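Student: The structure that follows is given in the form of structure tokens.
The values are calculated or read from the model by the stated rules, or taken from the named source; none is laboratory data. Since the model is a prediction, treat every value here as computed from it, not as a measurement. Here Cβ is always computed from backbone atoms with ideal geometry, including for glycine, and neighbour counts include all displayed protein chains.
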Amino acid sequence: MNKFEASVVSDLYLAGRQDDGVPFHAECFCVQVEAEDGRRWVHALTLKGCRVEVSEEDGWSVFIDIRDEVRPVIEALAAKVNARLAAGGKLNKLHWDERSPAYGSEAYINSGAELETIMWEKAQG
């Protein structure tokens, strides 16, 4: 890895409820930059991979998969960020939020994140 590397990451979010009341989870995408020591930042732009429409027939939510449309947008942003970082550019803190360091990384160990994880796990029972 270079000093910093941008990549596309995804997560799940609650897109709504299906007609039977069951939660419908969908995938969203964003750009994450990781430093060699494991520190991580996530870009403010997050694109949802599901469009929700309301059926005119019965009024229920319809969940339409649009991941193939939004993923290339995020991939292009990751490539642009990597090019900027390779040219010596820096992250604009207005657009980036620092996240937990990568598990097991130098930053994870040095930040006390491991202790926080242990305490959280103990609190969960």
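Student: Which is under 30 Å from TRP120 (Cα atoms) and of a type in the set (D, E, K, R), of ARG71, ARG99, ARG84, ARG51? Break it down stepwise before answering.
Tutor: Details: ARG71 fails: under 30 Å from TRP120 (Cα atoms); ARG84 fails: under 30 Å from TRP120 (Cα atoms); ARG51 fails: under 30 Å from TRP120 (Cα atoms).
Step by step, each of ARG71, ARG99, ARG84, ARG51 is checked, and only ARG99 is under 30 Å from TRP120 (Cα atoms) and of a type in the set (D, E, K, R).
Student: Considering only residues of region 19-31 that are under 24 Å from the mean Cα position of the chain (by Cα) and either assigned to a loop (DSSP other than H, G, I, E, B) or of a type in the set (D, E, K, R) (or both), which is farthest from GLY59 (Cα to Cα)? If you could, list the steps in order and put the result at the bottom.
Tutor: Applying the first criterion (under 24 Å from the mean Cα position of the chain (by Cα)) to region 19-31 yields 22-31.
Narrowing further to those that are either assigned to a loop (DSSP other than H, G, I, E, B) or of a type in the set (D, E, K, R) (or both): 22, 27.
Working: VAL22: 16, GLU27: 23 Å.
The extreme case among them is GLU27.
Student: Also, I was wondering about something else. Give the residues of region 1-18 that are farther than 30 Å from GLY59 by Cβ, charged (D, E, K, R) and at pLDDT 95 or above, sorted by residue number.
Tutor: GLU5
Student: Would you point out which residue out of GLU27, GLU36 is surrounded by fewer than 16 Cβ atoms within 10 Å (Cβ to Cβ) and either in contact (Cβ under 8 Å) with a residue 12 or more places away in the chain or of a type in the set (A, V, I, L, M, F, W, C) (or both)?
Tutor: On the way: GLU27 fails: surrounded by fewer than 16 Cβ atoms within 10 Å (Cβ to Cβ).
Unique residue meeting the criteria: GLU36.
Student: May I ask you to list pairs of residues, at least six apart or on different chains, whose Cβ atoms are under 8 Å apart, with the first in region 97-125 being touching a residue at least 40 places away in the same chain (Cβ under 8 Å) and the second being among the polar types (S, T, N, Q)?
Tutor: Pairs that qualify, where the first residue is touching a residue at least 40 places away in the same chain (Cβ under 8 Å) and the partner is among the polar types (S, T, N, Q), are ARG99/GLN32; PRO101/SER111; TYR108/SER100.
Student: Just checking: which of the helices (runs of 4 or more DSSP H) contained wholly in region 47-125 hold 3 or more residues that are surrounded by 14 or more Cβ atoms within 10 Å (Cβ to Cβ), out of contact with any Cys (no Cβ under 9 Å at 6 or more places or on another chain) and not polar (S, T, N, Q)?
Tutor: Qualifying helices (runs of 4 or more DSSP H): 67-86, 106-111.
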